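Chemist: Following this message is one structure expressed as structure tokens.
Read the figures in this text as sums done on the coordinates, not as results from a lab. Everything numeric here is computed off the predicted structure, so don't read it as measured data. A quick note on method: Cβ atoms are made from the backbone with ideal geometry, for glycine too, and the neighbour counts reach across all protein chains shown.
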Amino acid sequence: MSRHPIIAASLMLLATLVSAGPVFALASAGIPLNSPIYSYLDKLAGLGLISSGERWSRPCSKAEAARLALEAATNIARQDSAAPAYAMELVTRIRQILARDDENSAAEPDSRLFEISFSSKVLNRYVGDTGVVSYDRPVSQNDLTITHNPSGVYLDIWQSISLTHSGRSTNYGNEIEYLIGWSGEIIGIGADAGIGYFDLITLFNMPEGDVIQPYIEFNKKITAAGQHTLTPYVRAEYGIPAKGNAKELKGLYVHTGLKHGWQITDDISVSQKAALIFDGGAYGADRAWVGAYEVSPSYRVREWLSLDLSGKVVGPFTSVTDGRTTQFIGSAGFSLNY
């Protein structure tokens, strides 16, 4: 089987889910998820200036953002000198962005049906979430995501490319993943669910040696001190052989952890993630508990362009015989958002 039927099937499924927008649209259509408006609203909520902060969801409409900005401005006026000096500046920035998008549509939903994001980075080695070294040499990893804003349905294509050996199937540094899923909120709890197809070597020799992996995540984002967000989460993934019943391709992953975001300035941010992962023996590895920590500073050059760095350490907490040791991974790259 060639890669084209997989891509075509994914696009058809995406179109089907999009056409069922009312079923999936738990949050109203609106502002792109990468907009700084969300950061400003988080800060205002952290300052206690938006009492309804827990009720608005992402994506939210321009009308909702305008209403929240008005609520914050009203509370600032009531507090007078008690409100932080920069609070009104945040309200002004929200209104400026809304006006810049369309001066006459502050109360209308965002006209963009789709959001496109792309990232590319170079890593010193390819190490999986559970510390298994797929390829111990430099790789380039690229990620393209297309999201239907009204519904939260997305299509993601991720690729890893070996930088030291040519040829698409010479080693496990070469891999392609196709994912389709939905991300949004359910009664105030963040959710992300979908299914992935992992095209392993030999690439495009589907389905031989490949893996199908459904996943689901629940999280809760909490704003603290205006500039910080804390997001505890739990995620489960289960690998299934795309063909046959190979035991080494089966296995359960369960992730529990905490994400931290720090918006230092409008353009500089740092994200951190600490996780404890249960590896049920997927891909032939031993059963183990694995710890991971990652820190990722980012600098926004333009509204649509960011420069990204990342440092990560991952290793088993329990004794293993599969050769896993503590690994250090560094990366540098960029991300685009439209």
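Chemist: ³J(HN,Hα) across the stretch 152-158 via Karplus (A = 6.51, B = -1.76, C = 1.60, θ = phi - 60°), whole Hz, x for Gly/Pro?
Modeler: Values per residue, Gly and Pro as x: x, 6, 9, 10, 10, 10, 10 Hz.
Chemist: Related question: Expressed in nm to one decimal, what extension gain is obtained for the pair residue 66 and residue 51 from 0.36 nm per residue of sequence separation less their Cα-Cα distance?
Modeler: So the extension gain works out to 3.9 nm.
Chemist: Another one. Can you sort 88, 206 from fewest to most other Cβ atoms within 10 Å of each residue's own Cβ?
Modeler: Fewest to most other Cβ atoms nearby, the residues stand as 88, 206.
Chemist: Shifting gears a bit: Can you give the local net charge around residue 311? Use residues other than it whose beta-carbon is closer than 15 angstrom to its beta-carbon, Lys and Arg +1, Asp and Glu -1.
Modeler: Here the count lands on +2.
Chemist: Can you pick out the pairs among 62/312; 243/312; 43/312; 62/259; 221/247; 121/220 whose Cα atoms lie more than 30 Å from each other?
Modeler: Violating the 30 Å Cα-Cα cut-off are 62/312; 243/312; 221/247.
Chemist: Restricting attention to the alpha-carbon atoms of the stretch 244-325, what are Rg (one decimal) and Dmax (integer), both in Å?
Modeler: Cα radius of gyration and Dmax of the stretch 244-325 are 17.1, 52 Å respectively.
Chemist: Hey, what do the phi angles of the stretch 319-328 turn into as Karplus ³J(HN,Hα) couplings, whole Hz, using 6.51/-1.76/1.60 and θ = phi - 60°, x for Gly and Pro?
Modeler: Per residue, the Karplus-derived 3J(HN,Hα) values read 5, 9, 10, 8, x, 5, 9, 5, 10, 10 Hz.
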